[in-house]
Amino acid sequence: MTSKVSPSLITLPVENIYRILDHLDELTIFLSLRNVCMQLNTVVDTYERYQTSDSLKLSYGQLPHKIVQHLADVLLTNKTLITLNLATNDIGNKEVQCLANALQYNTTLRTLNLEVNKIGPEGAQYLANALEKNQTLTNLILICNDIGPNGVKHLSRALKENNTLRMLNLRWNDIGPNGAKWLADALETNQTLMTLDLQGNSIGSKGTQYLASALQSNQGLTTLILRENLIDVEGIKYLTTALSKNRTLTSLDLVSNKINFEGAQYLADALRNNQTLLTLNLGKTDIDFEEVKYLASALKFNQTLTTLNLENNDIGFEGAKYLADALLENKGLKTLDLGWNNIGNEGAKYLANALHNNQTLMTVNLQSNAIRSPGVQYLAIALKNNETLTSLNFAYNEIANRGVQYLADALKENTTLKQLDLCRNQIYNQGAEYLVDALLTNHTLTQVNVDNNSIDAEVLQNLLTGLENNRIQ
């Protein structure tokens, strides 16, 4: 970075300087031409590309301290940058101090991404100091740092004062139960944070208890992500107690925790009464058909949940039957994810019966469920009558050409399905040709995934042409 600008550049007409800037990338303009001299700052400020440059990405490198310092100096006066991505740069506490000092005065930055760096409790303290004064930052991403419970203590202090931050992502920071306790304390005061992501922080059921207690009075948080946190039945019980009182949380992610039988009962009881939760993610939570029985029963009463994710469990065909029965009465669910659940042909038959009558479900994921052509036949018949389903995922099954033929026949009558995933299904040219033929009369299907099948290039091109014709109609 130069310390002075050649007089010949400074004395050039502004339009000529603009033409020079046209040949420089945005990064060079930000880091090499700002704060060199006041005159050049004035010219750059009026340069159209600079005025419209609202995003800067400097990720996957090793930024020297002096570069971060210069970037921080630019942030002090910059009025255009909205998003700054500094992910994976070996940024440590010293560098964060520079950025945090700038954030105390910056009035335009909305999103700061510092994931996968080397920020510890000291760095978190610097950021907390900035958040106490900054009134514009809305998204702070700190995934995979070394913040720990002591660092979270500082951030929680700031959350009590800050009223503009909307999203805080602390995935994989080893905050533990004590860190969750500090955050819970902040949530009892803070009513503006809307999304809190704590994936992979080993908060356990004790940490969940603290958060659940805060949720009973918090009126701002809408999304809580607690996947992979060693939460067991006890923690689920605390959360469901909170759900009976909380009226703002709309999305709860509990993927890769241990719900089991008793936990499913607690969740079912909560769903019967809760009228605000829209999305519930229970993937990989050791749920089988017995647990699903309780959840399905709750769905007959709950009409507000729109998305239910049960992927990577083992509900089998019996679990599919319970859910199908619930779908005959449920009028709220729009997305159902049953990927990797071994429901088989019999489970597909039960779901097909539900799709004959259900007129609200729009997206169904049946990926990797050991469904073969007989199971597809049931669902294909349902598609002829269903008028709401727009996305259907059959990836990683064994439907083969015969199964595709059933689907193609249904597509000649169906007028709502837009996306169909048939990846890795032992489909050959004949199967793809069935789809090509269906597209001669079907004008709504626009996306079909047939990756990892055995289809010749010419046949594949015919399929793509048919889909493209649908997209431009």
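Look at where the Cα atoms of the stretch 431-473 and of the stretch 69-113 average out, and the two centres are 47 Å apart. How high is the FRET efficiency from H356 to T304, r the C-beta distance, R0 30 Å, rounded to 0.05? Calculated value: 0.80. In the P(r) worked out for the stretch 111-263, what percent of Cα pairs fall beyond 25 Å? Value for the stretch 111-263 (Cα pairs over 25 Å): 20 percent. Taking every DSSP helix (H) stretch of at least 4 residues in the chain, weighting each as -39,500 (n - 2.57) and dividing the sum by the residue count yields a mean residue ellipticity at 222 nm of -14000 deg cm²/dmol. A simple packing score, the average count of other Cβ atoms within 10 Å per residue, orders the peptides 145-157, 447-459 as 145-157, 447-459, with the highest score first.
The slack between Q219 and E329, meaning 0.36 nm per residue of separation minus the straight C-alpha distance, is 36.5 nm.
Just the C-alpha atoms of the stretch 209-354: what Rg/Rh do they give, with Rh taken as the Kirkwood radius? Intermediate results must be reported in sequence, preceding the final value.
Values: Rg = 14.3 Å, Rh = 15.0 Å.
Ratio value, two decimals: 0.96.
Rank-order 417-423, 176-182 by packing density, defined as the average count of other C-beta atoms within 10 Å over each peptide's residues, highest first. Intermediate results must be reported in sequence, preceding the final value.
Numbers: 417-423: 19.9, 176-182: 21.9.
Most protected by this proxy first, the peptides run 176-182, 417-423.
Whole-percent P(r), the stretch 320-473, all Cα pairs, 10 Å bins from 0: 12, 45, 34, 8, 0.
With N residues in the stretch 392-473, what two-decimal value do you get for its Cα radius of gyration over 2.2 N^0.38 Å? Show your work: numbers first, answer last.
Working: Rg = 11.2 Å, N = 82, 2.2 N^0.38 = 11.7 Å.
Cα-based Rg divided by the globular estimate yields 0.96.
Per residue, the average separation of C-alpha pairs within less than 8 Å and at least 6 apart gives the chain a relative contact order of 6 percent. Could you run the Debye sum over the Cα atoms of the stretch 143-232, one equal point scatterer each and no solvent, and tell me log10 of I(q)/I(0) at q = 0.22, 0.25, 0.26 Å⁻¹, two decimals? Taking Cα atoms of the stretch 143-232 as identical point scatterers yields -1.05, -1.39, -1.51.
Quick note: the coordinates plus some simple rules give every number you see, no bench work behind them. Keep in mind the model is a prediction, meaning the values are calculated, not measured. In this analysis, Cβ positions are derived from the backbone assuming ideal geometry, glycine residues included, and neighbour counts consider all displayed protein chains.
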